[in-house]
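Here the structure comes first, spelled out in structure tokens, and everything after it is commentary.
The values are calculated or read from the model by the stated rules, or taken from the named source; none is laboratory data. Please read all numbers here as calculations on a predicted model, not as lab measurements. Here Cβ is always computed from backbone atoms with ideal geometry, including for glycine, and neighbour counts include all displayed protein chains. Calculation scope for accessible area: heavy atoms of the full protein, side chains included, ligands and nucleic acids excluded. Shrake-Rupley method; radii C 1.70, N 1.55, O 1.52, S 1.80 Å.
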Amino acid sequence: MSRQLADASTSAENTLEAEKVSFLKQPKAVWATALAAVFAFMGIGLVDPILPAIAENLDASTSEVSLLFTSYFLVTAVAMLISGYVSSRIGGKKTLLIGLAVIVAFASLSGLSGSVEQLVGFRAGWGLGNALFVATALAVIVGVASGGTGTAIILYEAALGLGISLGPLLGALLGGWQWRAPFFGTAVLMAAAFIALIALLPKTPAPAKKARLRDPLLALGHKGLSTTAASALFYNYGFFTILAFTPFILGMDAYGIGGVFFGWGVAVAVFSVFVAPVLQNRLGAVKVLTGTLFFLMLDLIGLGLAAGHSAPAVVVLVIAAGALLGVNNTIYTELAMGVSDSPRPVASAGYNFVRWMGGALAPFAAAQLGEHFGPQVPFFAGAVAMVFAILVAFGGRKYLKAHEPHLVQHPTK
């Protein structure tokens, strides 16, 4: 028995080592798509450091400014349902390029906005481009990456983490000079990504079977995928409460806010790439997911207690939350891509439709709660959302465990 456990441990560890080696040995098309994804994900946190400046310059309330996130993620969520329909007819490369072109156009228009209403509308258009690009980028990376689906997802999450960390940094560096500058900076980066994909990504033919508009919703009929998506909806509520509301309580300028969320984003990137795969292989997805959600609940409670009382404590807790979010991002994505029998682009579209609704709801709800009941309440509401995320995941654990990896066993001595 001891020999069998030792063999199992060696085999699993060899698999992990092989994935690490293959991680860096990727075709140019993978790196081009991943780099473009970094630029796309920078758009999520780009506005964080300049939210107070936008409110001041456009004479807007916290709730009105929070709609920059809500409009962006609401359109992103709904547009996820059409992303597979489009890409299955024109191919992944054309869909990526259309998404990038839409982002370039609306990021530029955002920088020209004369009112918060215009800015909210242009961010909604930006969300359409983001949906077309992000959903297709994951499918393209999974399709052309070497090393299997696990390696591809780690690459995707690395791009997500790097983009989320660099977005606030770029927003701070440019926004400290002029609040409109980050929007134009993003447009330039996305235009560069557009050119890179034209040059480096080979033509991706449309799939033999065309996706129907209702396919993502039908895919959610699978218990494993619906459990993953529903839990991720509540998880994303907490995620974007931290991202969208915290800048208003830090009392810092654009550079200070950008520095805090750069540290947060680095934690997201490091833990999503280097820690999440190890934990999942040792403990299993369900244990890691529920455990991390529990610690995120505690983190949100801590943020609620510190809000309005201790800015240093808020900074520490925000960066710590980044580590927990990084682990969960990878686990949720891997579950969504493998827990059901639906094609990956279809499963991804259905999953992202549900989970981005949490990102759409949280910023506006947090701002409303903060304005009416004080800065502590949004974080306590986020903690309650984590409780629901845990309950959903735990309730559907038998469907999620079908996706458990072969755990690394340690032989008894």
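I need the full set of residues from the range 64-83 which are open to solvent by 10 Å² or more (accessible area, probe 1.4 Å) and of a type in the set (Gly, Ala, Ser), in order please.
Listed by number, the list holds a single entry, 71.
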Of the residues 347, 365, 323, which single one is at pLDDT 95 or above and over 15 Å from residue 237 (Cα atoms)? 323
Exactly one of 164, 141 is in contact (Cβ under 8 Å) with a residue 24 or more places away in the chain, assigned to a helix (DSSP H, G or I) and either polar (S, T, N, Q) or farther than 13 Å from residue 45 by Cβ (or both), and that one is 141
For the range 246-257, the count of residues that are crowded, with 24+ Cβ neighbours inside 10 Å and either in contact with a Gly (Cβ under 6 Å, 6 or more places away or on another chain) or part of a loop (DSSP other than H, G, I, E, B) (or both) equals 1
When you check residue 234 against the structure, is it hydrophobic (A, V, I, L, M, F, W, C), touching a helix residue (DSSP H, G or I) at 6+ places or on another chain (Cβ under 9 Å) and either open to solvent by 10 Å² or more (accessible area, probe 1.4 Å) or more than 21 Å from residue 160 (Cα to Cα) (or both), yes or no? yes
Return the residues of the range 151-167 that are farther than 16 Å from residue 96 by Cβ and either open to solvent by less than 10 Å² (accessible area, probe 1.4 Å) or among the hydroxyl-bearing types (Ser, Thr, Tyr) (or both); say none if nothing qualifies. 151, 153, 157, 161, 164, 165, 167
Neighbours by Cβ (under 6 Å, 6+ apart or cross-chain): first from the range 92-121, more than 12 Å from residue 198 (Cα to Cα); second surrounded by fewer than 21 Cβ atoms within 10 Å (Cβ to Cβ) and among the aromatic types (Phe, Trp, Tyr): 111/184
Got a sec? Which of 267, 323, 349 is touching a Pro at 6+ places or on another chain (Cβ under 7 Å), among the aliphatic types (A, V, I, L, M), within 18 Å of residue 41 (Cα to Cα) and open to solvent by less than 20 Å² (accessible area, probe 1.4 Å)? 349
Name the pairs whose Cβ atoms lie under 6 Å apart, with the first residue in the range 56-68 and in contact (Cβ under 8 Å) with a residue 12 or more places away in the chain, the second in a loop (DSSP other than H, G, I, E, B) and among the β-branched types (Val, Ile, Thr), and 6 or more positions between them or separate chains? 68/47
Pairs needed: first member in the range 321-348, in a loop (DSSP other than H, G, I, E, B); second member anywhere, at pLDDT 90 or above; C-beta distance under 6 Å; at least 6 residues apart or different chains. 339/224; 339/225; 339/228; 340/222; 340/224; 340/225; 342/219
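Could you say whether any residue in the range 189-208 is among the hydroxyl-bearing types (Ser, Thr, Tyr) and open to solvent by less than 10 Å² (accessible area, probe 1.4 Å)?
Within the range 189-208, not a single residue is among the hydroxyl-bearing types (Ser, Thr, Tyr) and open to solvent by less than 10 Å² (accessible area, probe 1.4 Å).
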Between a residue in the range 29-52 that is of a type in the set (A, V, I, L, M) and any residue that is modelled with pLDDT of 85 or more and not in a helix (DSSP H, G or I), which pairs come within a Cβ distance under 8 Å, given they are 6 or more apart or on different chains? 50/179
Take residue 226 and decide whether it is open to solvent by 20 Å² or more (accessible area, probe 1.4 Å), of a type in the set (S, T, N, Q) and closer than 28 Å to residue 365 by Cβ. yes
Of those in the range 114-150 that are surrounded by fewer than 24 Cβ atoms within 10 Å (Cβ to Cβ) and among the hydroxyl-bearing types (Ser, Thr, Tyr), the residue farthest from residue 336 (Cα to Cα) is 115
Identify, from the list 204, 227, the residue that is modelled with pLDDT under 90 and not aliphatic (A, V, I, L, M). 204
Using beta carbons and a limit of 6 Å, which pairs, at least six apart or on different chains, have the first residue in the range 232-254 and within 12 Å of residue 359 (Cα to Cα) and modelled with pLDDT of 95 or more and the second one among the hydroxyl-bearing types (Ser, Thr, Tyr) and in a helix (DSSP H, G or I)? 232/332
